[in-house]
Structure formats: structure tokens, C-alpha cells
Amino acid sequence: MGGNVFSIGLTGLNAAQSHLATAGHNIANAATPGFHRQRVELQNGIPQASGEGFFGTGVDVATVNRIYSEFLDNQVSAALGRQAYLDTYRDEIAQIDNLLADANAGLTPALSEFFDSVHEVGTDPESAASRQAMLSGASTLVSRFRALEGRVSQMYAAANGQITDTVTAINGLATEIARLNQSVIVAEGAAGGHAANDLRDQRDAVIAELNRLTGVSTVAQSDGSLNVMIGNGQNLVVGSRALALATSVSREDPKRLEIGYTSASGTAIITSSLTGGELGAMLAFQRDAAAPTLNNLGRIATALAFDFNQQHRLGQDLNGAPGADFFTVPTPVVIARNGNTGSALLDAQVVDAAALTLSDYRIAYNAGNFTVTRVSDASVSIYASLPQTIDGVRVSLASGAPANGDSFLVQPTRAGARDIAVRLVDGSEIAAAAPIRSAAGAGNTGSAAITAGTVNGPPPTNVNLLQPVTITFTGPNSYDVSGTGTGNPAGLVYVPGGNISHNGWTVAISGSVRAGDTFTVTPNSGGISDNRNANLLAALQNTKTIGGAVATYQGAYSQSVASIGARTREVQVAAAAQETLVTQTKTTQQSLSGVNLDEEAANLIRYQQMYQACGKVIEIASKLFDSLLAI
């Protein structure tokens, strides 16, 4: 019996020592990230049967468990991954928000200054200084477009760099997880299935870091390893094997990166499924913030150049020549997909700036048809041939022939802010005047007056625009048109107060007319003080010409500023709320798995007393044994 009591005391000493070692381990790792407190699990020894009944044989250490809740740890991991996404997206989009909304560096002041200079030319069309100021204002506006485009393009390119670095970091973490999986398998196999708690904590900490970079999910395996998936369930780590991700230049858009698995059989692209963590935030920033901003700046620049040129060509410059293009209208970008087997080259030109959208377009050729997909909403149109006009852009086959499977990306406005330029170099070339002049005949007996007239289309569309004609009333409700041009009609019906259009111009006659009254429309010779076209150019500032004629240039820019600002504020609020959620989730998880130093200190005292008591049992057993020897 003395030997049995001795053995019982010895098992107690061993159990107390295990408790003390575990408590010390918990205290030492109280500040270790990802550490879960551990607890010794005890079980009573197998009792010994005797004639008097079953006597206990002491205590056995069953195992050492970590206090772990998969549910709570997954909550913390998901919350941290979402926070990483929101923080990264907030930091990136805030740069665009600050740029566009800047009272000095934004587009608003440059637009205002340019149109102010146009108004000045309208006020004093003869002034060389005013005309030079208008050219200077146009150059400043073009520079501002280019500066904004350049800065946003830099952000887009910087995001590519961060995407590459993040993918490299993901591969490193995947390799580390695979190594820890192997270590867990070996350690737990050698320990007879006991959990390798510290190795599992290390692995969980690496997985949490991976989840911060890109959202992950895990599946536990029977051998103790964890399989790690990203995106929509694509494997990244399988047991002790890690798969490597790689970035590659998009086959469709050389400025965009794709992410996928690279193997001997090719690359499997998974970019669209990567929506979590910092990587998902960078991809979303490029797709939902940077690219639309570039497209909107380009749309404003393209519409401004297109509209201004159209009106400028309806005017006459200081030298009496028809107005030329004032701006260079940016050309849509057409990118043939890398790997096309056909020889086709597509050409795209803006024909209706008001119909331009913020979307890019993908054109695929197959079985004799061209399938056009608007990227923004995935709407599809199918055409049997080109050319076709798509949302204000006329796309045609420039040369060659497409092969089945060939694809092209058309970006109507992406480079607009970069490529707009001022064509005029001399202020005298500004077409401030109208090319026609109207007058009432000196011998008219009626009281009718004729308006100055407006031009509907420039030469060479209207070849007779500058041909002088005379409108002769044959009665109060009829008139003839005569002159040097061709196609002059006679016997036309006159509606009092109505418009009279001919040779590309329109005039209106008000008041009463009598038979024999005449009115002339002639070229505007010597119209250096004429400001009619300058006023029409200035009026473009407040004309809704963008997005289906629903917004002005300033309005379209303000919409972009408001959209980015609202999204920035939304993300800021969401990030702040997520930070609170992370704190609450961590608190809940730590209340279960975290180290409580007060509790551990109390445990040290309790286990010390347990050790001392077990030592006393051994001491008593020893005295009993000595008593037996003394008999």
C-alpha cells in the first residue's frame, strides 16, 4: 500500500508540474499574436481492484489542449480581411477624391477661365489681346486635362505595382503554410495524435496574414493539415503543397494585370474571383474608381473638343476665312487582343459626342458576326458587318480580315484627356464672326425686319453657304430666292414669323411684308467686329451636350466629383464601423482563447499548492515504508 501511495503522489507531482509548465507557457506568450491559451487535460488513473474494493492509482496527463473556437477565430479572420479591404480601398480612392475636388488643381477653375476668355472675345472680337488670352486659356485647359489624366494614370499604374507585390507576398505565405502543414503532420504523428498546439497557432497566424491580403477559406484534413482556398474556392495550399500565383499583362488591355495559376499547360486566370483583402481592394480600385474617372475625364475632353470644333467651323475668322478645327478631337483607343490570328485592324472615330458613355467595349468576331459587349453592363449587340455606330463611336474595319475568336477592346474616351490639344496657333484664326450677313432692302415698303441669321453647317457640306442670295416677296405669303448659287427656289410659301432656311443658313423675318420687299443674305465681308459665333461658342459652357445631352461639361465633372466623394465617404464610414466590429469580435474571441494574467497567476498558486501537497503524500509514503523496515 505504501508503494501505491508513493506512486499516487508521484503522478500528482507530474500533473502539477505539467500545470505549472503550461501556465508559465501561457504567461510567456500572453502578448504573442495568434497565441491561444493552453490547458492541461487530466484523467484519473485506472483503479486497482482489491478485496476491499477499488483503490485509485492517481492521475494521468491526457493531453494539452489549446482553448480554440473555430467559429470565433473564423469571425475574427473574416472581420480582419474585410477591414484590410476597406482600409486599402479608402486610402486609394481618397487620392482621387482629393485630386478632383481640389479647388485649385481640379478641372472646374480651368473650364471657367477658358470660357471666360471666350466671353471676352465675344465682348471685343477685334482685340488681339482677347484672342491671345483665349488661346492661352485653351492651352491651360488642355494642360489641366493632361495633368489630371496623368495623375490618375499614375495611381492606376501604382496599383499594378502593389498588385504584383501582394501576389509575391501571397505566394510566400502559401509556402509557409504548406511548410507548417508538413510540420504539424510530422509532429502530431510522432506524438501519437496529440495536437501540436504551438505549430497550429503559428499556422493560424500565417493564414490570418494571408486572409488580410486576400480572402481565404480553409478545410481541415484528418492528418492535421489545412487546405487553403482563395477566390471562389480555388486551391492555394493542399496539404504540404503550395500552388503559386502569377501576374501577367492582360491580353486585352496591356495596362491591366491579370492574376492566375501558371503551369506548363498555360495560365488559368482567376482575377474576377479575387474580391477580398488588400488584393481585392486594389483590383476594385482600378476597376470601379480609376478607370471610370479616366473615362469621364476623357469623355468631357472629347465632347468639348468635338462640340467646340463643330461650332467653330460655323464661324469666320478675322481674315474672312471659314473657321477651322480649334481643338484636336481625341481618337478612341482600339486594342487588338494579344493572340489574334487574323489580320484585321479596327478603326474608331467619334461621330456623336453626346452619345458617348463611360464604358469600354469588347468586340469579338465569330462565325461571320461581330459581337459587341458593353463592358459596364454586359449588354450585347450582334452585327453581321462593320462599320457600325455604337454609342456615338463609329467602328469600322480599317484593313485585313478577322479570324474566328479574334477580339478587340475599344476604349472610346480612355485617352481623351491625354490626347486633347489646341490646333490654332494664331489668335486671328479664331472664328468669332458668322460667315453670313443679312439686310433688308432699302426700298422696302413693309415694316418687316430680318434676323442676323445662323449657320447650320459649314463648307464643304453646304457648298453654296457663301453665295449671295436675295429673298423677294411676291406677296404677303410667298417669296422667291434668287442669286448666284444653285438650286434657288421660287414660289415658296411664307409663314409670318417663321424661319427661312437655304444654303445652310437660317433667318427669320418678323413684321408685315409687302409685295416687292427684298432681303439679302450675303458673305460677311469685313466682319471683324462681328461676335455672333463667339457668343455661340461661349454658350456651349451652359449647354447640355454630354451623356445624351443631359449634362454640361462642368455638370459631368461635378457628377464625377460627387460620385467619387460619395463613394469615399461611404468607404470611410464602413471602415470606421468595421474597425469597431473587429474590436468587438477580437474581444469575444480573446475572452475565450486569450491569456488572462490574473487567472494564470492564481493558477500558479493553486498548482504550486498541488505540487506541495503531492510532495507531502510522497513524504508520508516514505515514512510508512521506513516504519515497515523498522519492524
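In the set Asn542, Asn524, Asn531, which member is free of Cβ contacts under 8 Å to residues at least 24 places away in the same chain and either surrounded by fewer than 22 Cβ atoms within 10 Å (Cβ to Cβ) or in contact with an Asp or Glu (Cβ under 8 Å, 6 or more places away or on another chain) (or both)? Even if it seems obvious, please write down each step before you answer.
On the way: Asn524 fails: free of Cβ contacts under 8 Å to residues at least 24 places away in the same chain; Asn531 fails: free of Cβ contacts under 8 Å to residues at least 24 places away in the same chain.
One residue alone meets the criteria, Asn542.
Check His312 against each of (1) in contact with a Ser or Thr (Cβ under 7 Å, 6 or more places away or on another chain); (2) open to solvent by less than 10 Å² (accessible area, probe 1.4 Å) and name the one condition it does not meet.
Condition not satisfied by His312: (1).
Could you please find all residues in segment 57-111 being open to solvent by 40 Å² or more (accessible area, probe 1.4 Å), of a type outside the set (A, V, I, L, M) and without any contact (Cβ under 8 Å) to a residue 40 or more places away in the chain?
Once the filter is applied, which keeps residues that are open to solvent by 40 Å² or more (accessible area, probe 1.4 Å), of a type outside the set (A, V, I, L, M) and without any contact (Cβ under 8 Å) to a residue 40 or more places away in the chain, segment 57-111 yields Glu70, Phe71, Asn74, Asp91, Asn98, Asp102, Asn104.
When only residues in segment 113-129 that are part of a helix (DSSP H, G or I) and without any contact (Cβ under 8 Å) to a residue 40 or more places away in the chain count, which is surrounded by the fewest Cβ atoms within 10 Å (Cβ to Cβ)? Lay out the reasoning, then the answer.
Within segment 113-129, the subset part of a helix (DSSP H, G or I) is 113-123, 128-129.
Next, only the ones that are without any contact (Cβ under 8 Å) to a residue 40 or more places away in the chain stay: 113-114, 116-117, 120, 129.
Numbers: Glu113: 16, Phe114: 24, Asp116: 14, Ser117: 22, Glu120: 19, Ala129: 10.
The residue in question is Ala129.
Results for (1) touching a residue at least 60 places away in the same chain (Cβ under 8 Å); (2) on the phi > 0 side of the Ramachandran plot; (3) in a helix (DSSP H, G or I); (4) not small (Gly, Ala, Ser), shown as yes or no for each residue.
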residue: Glu258; (1), (2), (3), (4): no, no, no, yes
residue: Thr275; (1), (2), (3), (4): yes, no, no, yes
residue: Glu278; (1), (2), (3), (4): yes, no, yes, yes
residue: Arg287; (1), (2), (3), (4): no, no, yes, yes
residue: Ala291; (1), (2), (3), (4): yes, no, yes, no
residue: Leu297; (1), (2), (3), (4): yes, no, yes, yes
residue: Asp307; (1), (2), (3), (4): yes, no, yes, yes
residue: Gly320; (1), (2), (3), (4): yes, yes, no, no
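Just one of Leu304, Leu279 is surrounded by 16 or more Cβ atoms within 10 Å (Cβ to Cβ) and closer than 27 Å to Leu141 by Cβ; which is it?
Leu304
Within segment 595-626, which residues are touching a helix residue (DSSP H, G or I) at 6+ places or on another chain (Cβ under 6 Å) and either open to solvent by less than 50 Å² (accessible area, probe 1.4 Å) or not hydroxyl-bearing (Ser, Thr, Tyr) (or both)?
Val595, Glu600, Asn603, Leu604, Tyr607, Met610, Cys614, Val617, Ile618, Ala621, Leu624, Phe625
Please determine whether any residue of segment 185-204 is open to solvent by less than 40 Å² (accessible area, probe 1.4 Å), within 40 Å of the chain's Cα centre (by Cα) and not acidic (Asp, Glu).
yes
Can you tell me which residue within segment 341-358, out of those that are surrounded by 14 or more Cβ atoms within 10 Å (Cβ to Cβ) and polar (S, T, N, Q), is nearest to the chain's Cα centre (by Cα)?
Among those residues, the one meeting the criterion is Thr357.
What's the number of the only condition in (1) in contact (Cβ under 8 Å) with a residue 60 or more places away in the chain; (2) in contact with a His (Cβ under 7 Å, 6 or more places away or on another chain); (3) of a type outside the set (Phe, Trp, Tyr) that Val469 fails to meet?
(1)
Given Ser510, Ser478, which one is in contact (Cβ under 8 Å) with a residue 24 or more places away in the chain, in contact with a Gly (Cβ under 8 Å, 6 or more places away or on another chain) and over 28 Å from Thr328 (Cα atoms)?
Values: Ser478 fails: in contact (Cβ under 8 Å) with a residue 24 or more places away in the chain.
Only one candidate qualifies: Ser510.
Show the residue pairs meeting these rules: Cβ distance below 7 Å; 6+ apart or different chains; first residue within segment 207-236 and assigned to a strand (DSSP E or B); second residue among the hydroxyl-bearing types (Ser, Thr, Tyr).
The qualifying pairs are Leu226/Thr218; Asn227/Thr218; Val228/Thr218; Met229/Ser217; Ile230/Thr214; Gln234/Ser273.
Restricted to segment 46-74, and to residues that are part of a strand (DSSP E or B), at pLDDT below 85 and not aromatic (Phe, Trp, Tyr), which residue is nearest to the chain's Cα centre (by Cα)? Before you say what the answer is, go through the steps one by one.
Here is the first cut: in segment 46-74, the residues part of a strand (DSSP E or B) are 48-50, 53-55, 59-66.
Filter again for at pLDDT below 85, leaving 48-50, 53-55.
Applying the additional criterion that residues be not aromatic (Phe, Trp, Tyr) yields 48-50, 53.
Details: Gln48: 73, Ala49: 76, Ser50: 79, Gly53: 78 Å.
Of everything passing the filter in segment 46-74, Gln48 is nearest to the chain's Cα centre (by Cα).
Out of Ala138, Ala169, Ala195, I need the residue that is in a loop (DSSP other than H, G, I, E, B) and in contact with a helix residue (DSSP H, G or I) (Cβ under 7 Å, 6 or more places away or on another chain). Which one? Write out each step before concluding.
Working: Ala138 fails: in a loop (DSSP other than H, G, I, E, B); Ala169 fails: in a loop (DSSP other than H, G, I, E, B).
One residue alone meets the criteria, Ala195.
Can you tell me how many residues in segment 1-37 are among the small types (Gly, Ala, Ser), more than 30 Å from Thr57 (Cβ to Cβ) and open to solvent by less than 50 Å² (accessible area, probe 1.4 Å)?
Number of matching residues: 2.
Does Gly231 satisfy the criteria of being crowded, with 17+ Cβ neighbours inside 10 Å and at positive phi? Explain how you work it out, then say what you get.
Values: crowded, with 17+ Cβ neighbours inside 10 Å: yes; at positive phi: yes.
Yes, satisfied.
What do you reckon, is Tyr365 touching a Leu at 6+ places or on another chain (Cβ under 9 Å), in contact (Cβ under 8 Å) with a residue 40 or more places away in the chain, hydroxyl-bearing (Ser, Thr, Tyr) and under 26 Å from Ser248 (Cα atoms)?
Values: touching a Leu at 6+ places or on another chain (Cβ under 9 Å): no; in contact (Cβ under 8 Å) with a residue 40 or more places away in the chain: yes; hydroxyl-bearing (Ser, Thr, Tyr): yes; under 26 Å from Ser248 (Cα atoms): yes.
Judged against the criteria, Tyr365 is not a match.
Looking at segment 205-212, is at least one residue farther than 22 Å from Ser69 by Cβ and touching a strand residue (DSSP E or B) at 6+ places or on another chain (Cβ under 6 Å)?
Taking segment 205-212 and keeping what is farther than 22 Å from Ser69 by Cβ, we get none.
No; the residues of segment 205-212 include none that is farther than 22 Å from Ser69 by Cβ and touching a strand residue (DSSP E or B) at 6+ places or on another chain (Cβ under 6 Å).
List pairs: first in segment 2-30 and outside any helix (DSSP H, G or I), second of a type outside the set (Lys, Arg) and at pLDDT 85 or above, Cβ under 7 Å, 6+ apart or cross-chain?
Asn29/Phe35; Asn29/Val595; Ala30/Val595; Ala30/Leu597
Tell me which residues, restricted to segment 359-380, are open to solvent by 50 Å² or more (accessible area, probe 1.4 Å) and of a type outside the set (Lys, Arg). Spell out how you get there, then give the answer.
Going residue by residue through segment 359-380, those that are open to solvent by 50 Å² or more (accessible area, probe 1.4 Å) are 362, 366-367, 369, 374-378, 380.
Correct list: Asn366, Ala367, Asn369, Val375, Ser376, Asp377, Ala378, Val380.
Can you list the strands (runs of 3 or more DSSP E) found entirely within segment 489-608 that contain at least 2 residues being in contact with a strand residue (DSSP E or B) (Cβ under 9 Å, 6 or more places away or on another chain) and more than 30 Å from Thr445 (Cα to Cα)? Please lay out each step first, then the result.
Numbers: elements: 499-502, 505-510, 518-523.
In segment 489-608, there are no strands (runs of 3 or more DSSP E) which contain 2 or more residues that are in contact with a strand residue (DSSP E or B) (Cβ under 9 Å, 6 or more places away or on another chain) and more than 30 Å from Thr445 (Cα to Cα).
Could you tell me whether any residue of segment 156-176 is farther than 30 Å from Asp288 by Cα, buried (at least 18 other Cβ atoms within 10 Å of the Cβ) and at pLDDT 95 or above? Before you say what the answer is, go through the steps one by one.
So in segment 156-176, the residues farther than 30 Å from Asp288 by Cα come out as 175-176.
Keeping just the survivors that are buried (at least 18 other Cβ atoms within 10 Å of the Cβ) gives 176.
Then drop every residue that is not at pLDDT 95 or above, which leaves 176.
Checking segment 156-176: at least one residue is farther than 30 Å from Asp288 by Cα, buried (at least 18 other Cβ atoms within 10 Å of the Cβ) and at pLDDT 95 or above.
The values are calculated or read from the model by the stated rules, or taken from the named source; none is laboratory data. No experiment lies behind these values; they were computed from the predicted model shown. Here the Cβ is made from the backbone with ideal geometry for all residues, glycine too, and neighbour counts use every protein chain on show. Just so you know, the surface numbers come from the protein's heavy atoms only, side chains and all, with ligands and any DNA or RNA stripped out. Shrake-Rupley method; radii C 1.70, N 1.55, O 1.52, S 1.80 Å.
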